[in-house]
Protein chains: 2
Amino acid sequence: MSQLFDRVAFIGIGLIGSSLARVMIRDKLAGEIVACARSDATLDTVKELKLADRVTHDPAEAAKGADLVVIATHLSAYAEIGRRIADVLKPGAIVTDVGSVKQAVVRALKPLLPSGVHLVPGHPVAGTEFSGPAAGFADMFRDRWCILTPTAGTDAKAIARVRQMWESAGMKVTTMDPEHHDMVLAITSHLPHLIAFTIVGTATDLEDTLKSEVIKFSAGGFRDFTRIAASDPVFWRDVFLANRDAVLAMLQRFTEDLTAMQRAIRYGEADTLERVLSRTRAIRKSIVDAKQA
Amino acid sequence: MSQLFDRVAFIGIGLIGSSLARVMIRDKLAGEIVACARSDATLDTVKELKLADRVTHDPAEAAKGADLVVIATHLSAYAEIGRRIADVLKPGAIVTDVGSVKQAVVRALKPLLPSGVHLVPGHPVAGTEFSGPAAGFADMFRDRWCILTPTAGTDAKAIARVRQMWESAGMKVTTMDPEHHDMVLAITSHLPHLIAFTIVGTATDLEDTLKSEVIKFSAGGFRDFTRIAASDPVFWRDVFLANRDAVLAMLQRFTEDLTAMQRAIRYGEADTLERVLSRTRAIRKSIVDAKQA
């Protein structure tokens, strides 16, 4: 892959941002990489790992003159970042992001960006339960999906360049309406995380005699939830709030189904339970067949 | 390890039973192994894999003359098996099991077994989402916990022999009150499975346009749930019904917590969300430290 951008600015460079920076370095996609983060610790790690040519605490300084600005912070920081970089963006610059919610991103950034700047929101569906630039790795994206949610009228060439970048990272790239994206991710990602955080929280509140044994005997299913629930709390707080409507809609469906299961258990309805429990193997098989397992 | 039992009978020999049989063969723990199952397919696989010296469809024929009877069927079959083997058990025989619920096992079997026969209920906390004797493997138990729940007055030598058997399989063995076992497993295993089955069921009911994309983008958390929810539906139906009281008690706590999260999301209570989401990393760390991750 040849160079795609003369200068790339990362605003926020944690698990996902740093993994993308590693791809850019590996594949020589960027002439220069500038990294911006709030904390000294993050920037020190970035320098140590040589993930950027320059570092700064100032989003405007990072974004100035960049061909591509990658916003990879928590979602709640987007609006402030948009305000701080809007005036310095050069004509023709592309602004993209890696956030897990897309309607909120469009709402936050689109009104702020000057005409002539291309907004191409993106969501690489990949990650681990770890955080920070030291936890990133270039292969994180391989064979996973990246969803781009450009709004109508977005410059096709800008979309194509962002697509090329993610393809270079090994991703399968697709485009989607932001609203549809948020609904799909509410069920595949946001609700599972909400539930995992909740059940691990429930266990945390158990009496001490029980709690120590929960840890000891976690092999039976619980430990998968604790892995999911070990993810960054601020990241997830922002996701749940930014995608509130879709998360609440899916949560409502889930609690209806859970209440039906609860009733079947209480009244010993073996047939109902077996029927419901049998349905789920098919979807697992589809996922295995789709090589997403 | 030297021979522990002259003759071992497996009543039921699926994922767990066949894995234990493999351990017994590897470590020469049994002079002879007799396997009993309802289906021809299971017994054919057992013969093909040489997991038993003899096979039969008749629990009484299998149990007759055995020093150790391992019940490894679904929980709902226990009472019927108890009735069928009670009269043929030899004095001094040990009856054990591998079931995931223990109060129900004691209730089902203890009244049926003649005096002089030792009941040592057991639960090796290990497994995969696969089923049947072909899916078993001897290393399944390595470094995992096995919980024995003998009732007061059970012969100490009988308990020690069952313990030796599981230690030979590589397990850490502990004893526990059956009631306490059922509460611990309700939160570490039964509730996580109930929730995983439910959310995968919720996804199954989505409109088709959404459902195909749930499969495509499952990498974001959902696929861990589908793996859990791919487990044997009849097995889990029986677990939920056999451990009804503890499962309903833990489910009640969980739904209270989930409702609180739902409310915090609806009203945009960022501080509440962050506080709850931050608590869960500690328990994950404990599990990693306890080497159960």
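B:A72 fulfils the conditions (1) in contact with a helix residue (DSSP H, G or I) (Cβ under 7 Å, 6 or more places away or on another chain); (2) surrounded by fewer than 20 Cβ atoms within 10 Å (Cβ to Cβ) except for a single criterion, (2).
Residue pairs whose Cβ atoms lie under 6 Å apart, sitting 6 or more positions apart in sequence or on different chains, and linking a residue in segment B:230-247 that is within 11 Å of A:G268 (Cβ to Cβ) to a partner that is acidic (D, E) and surrounded by fewer than 24 Cβ atoms within 10 Å (Cβ to Cβ), are B:R237/A:E274.
Determine which member of the set A:I159, A:I199 is in the same structural domain as A:P91 (by TED's automatic domain parsing), surrounded by 16 or more Cβ atoms within 10 Å (Cβ to Cβ) and on the phi < 0 side of the Ramachandran plot. It is A:I159.
If I ask for residues that are surrounded by 19 or more Cβ atoms within 10 Å (Cβ to Cβ), within 10 Å of chain A (Cβ to nearest Cβ) and farther than 13 Å from B:S231 by Cβ, which ones from segment B:127-145 would you list? Hits for segment B:127-145 are B:R144, B:W145. The set of residues from segment A:145-167 being touching a Phe, Trp or Tyr at 6+ places or on another chain (Cβ under 9 Å) and at pLDDT below 95 comprises just one member, A:W145.
Filter segment A:207-248 down to the residues that are hydrophobic (A, V, I, L, M, F, W, C) and more than 7 Å from chain B (Cβ to nearest Cβ), then identify the one that is farthest from A:K102 (Cα to Cα). Explain how you work it out, then say what you get.
Of segment A:207-248, the ones hydrophobic (A, V, I, L, M, F, W, C) are A:210, A:214-215, A:217, A:219, A:222, A:225, A:228-230, A:234-236, A:239-242, A:246-248.
From what's left, more than 7 Å from chain B (Cβ to nearest Cβ): A:235, A:239, A:242, A:246.
On the way: A:F235: 14, A:V239: 10, A:A242: 9, A:A246: 12 Å.
Only one residue fits best here, namely A:F235.
Would you mind stating whether B:D238 is among the charged types (D, E, K, R) and either assigned by TED's automatic domain parsing to the domain that holds B:V125 or at pLDDT below 95 (or both)? No; evaluated as a whole, the condition is false for this residue. Applying the set (1) among the acidic types (D, E); (2) at the interface with chain A (Cβ under 9 Å from one of its Cβ atoms); (3) surrounded by 17 or more Cβ atoms within 10 Å (Cβ to Cβ) to B:D182 leaves exactly one unmet item: (2). The criterion of being of a type in the set (D, E) and farther than 20 Å from A:G14 by Cβ does not hold for A:D139.
So how many residues does segment B:23-32 have that are surrounded by fewer than 21 Cβ atoms within 10 Å (Cβ to Cβ) and in a helix (DSSP H, G or I)? Steps first, please.
Within segment B:23-32, the first condition is being surrounded by fewer than 21 Cβ atoms within 10 Å (Cβ to Cβ), and the residues that meet it are B:25-28, B:31-32.
Keeping just the survivors that are in a helix (DSSP H, G or I) gives B:25-26.
Adding up the residues that qualify gives 2.
Each residue in segment A:48-70 was checked for being assigned to a helix (DSSP H, G or I) and closer than 26 Å to A:G116 by Cα, and 5 of them qualify. Just one of the listed residues (A:V173, A:V200, A:V184) is in contact with a helix residue (DSSP H, G or I) (Cβ under 6 Å, 6 or more places away or on another chain), more than 24 Å from A:L241 (Cβ to Cβ) and among the aliphatic types (A, V, I, L, M), namely A:V173. Of everything in segment A:248-260 that is surrounded by fewer than 22 Cβ atoms within 10 Å (Cβ to Cβ) and without any contact (Cβ under 8 Å) to a residue 24 or more places away in the chain, the residue that is nearest to A:G12 (Cα to Cα) is A:L248. Would you check if A:D208 is touching a residue at least 24 places away in the same chain (Cβ under 8 Å) and charged (D, E, K, R)? No, not satisfied. Quick one: in segment A:1-22, which of the residues that are assigned to a helix (DSSP H, G or I) and surrounded by 24 or more Cβ atoms within 10 Å (Cβ to Cβ) is nearest to the chain's Cα centre (by Cα)? Filtering segment A:1-22 for residues that are assigned to a helix (DSSP H, G or I) and surrounded by 24 or more Cβ atoms within 10 Å (Cβ to Cβ), the one nearest to the chain's Cα centre (by Cα) comes out as A:I16. Condition first: more than 23 Å from B:F141 (Cα to Cα) and in contact with a Cys (Cβ under 9 Å, 6 or more places away or on another chain). Can you find one or more residues in segment B:63-76 that meet it? Yes, because at least one residue in segment B:63-76 is more than 23 Å from B:F141 (Cα to Cα) and in contact with a Cys (Cβ under 9 Å, 6 or more places away or on another chain).
State all residues of segment B:257-284 that are under 35 Å from the mean Cα position of the chain (by Cα) and more than 7 Å from chain A (Cβ to nearest Cβ); if no residue qualifies, say none. Hits for segment B:257-284 are B:T259, B:A260, B:R275, B:A282. The set of residues in segment B:1-33 being of a type in the set (G, A, S), free of Cβ contacts under 8 Å to residues at least 40 places away in the same chain and under 23 Å from B:L89 (Cα atoms) consists of B:A30, B:G31. Inside segment A:101-126, residues that are surrounded by 20 or more Cβ atoms within 10 Å (Cβ to Cβ) and at pLDDT below 95 make up a count of 2. Taking the conditions (1) at the interface with chain A (Cβ under 7 Å from one of its Cβ atoms); (2) of a type outside the set (D, E); (3) in contact with a strand residue (DSSP E or B) (Cβ under 9 Å, 6 or more places away or on another chain); (4) free of Cβ contacts under 8 Å to residues at least 60 places away in the same chain in turn, B:K157 satisfies each one other than (1). Figure legend. Inter-residue proximity from segment A:78-93: first residues in the same structural domain as A:H57 (by TED's automatic domain parsing), second residues in a loop (DSSP other than H, G, I, E, B) and of a type in the set (V, I, T), beta-carbon distance below 9 Å, spacing 6+ or different chains. Indicated pairs: A:I81/A:T73; A:A86/A:V117; A:L89/A:V117; A:K90/A:V117; A:P91/A:V117; A:G92/A:V117; A:A93/A:V117. Inside segment A:15-37, residues that are over 10 Å from A:A52 (Cβ atoms) and acidic (D, E) make up a count of 1.
The values are calculated or read from the model by the stated rules, or taken from the named source; none is laboratory data. Here the structure is a predicted model, which is why all the values come from computation and not from measurement. No Cβ is skipped: glycine too gets one built from the backbone with ideal geometry, and neighbour counts run over all protein chains shown.
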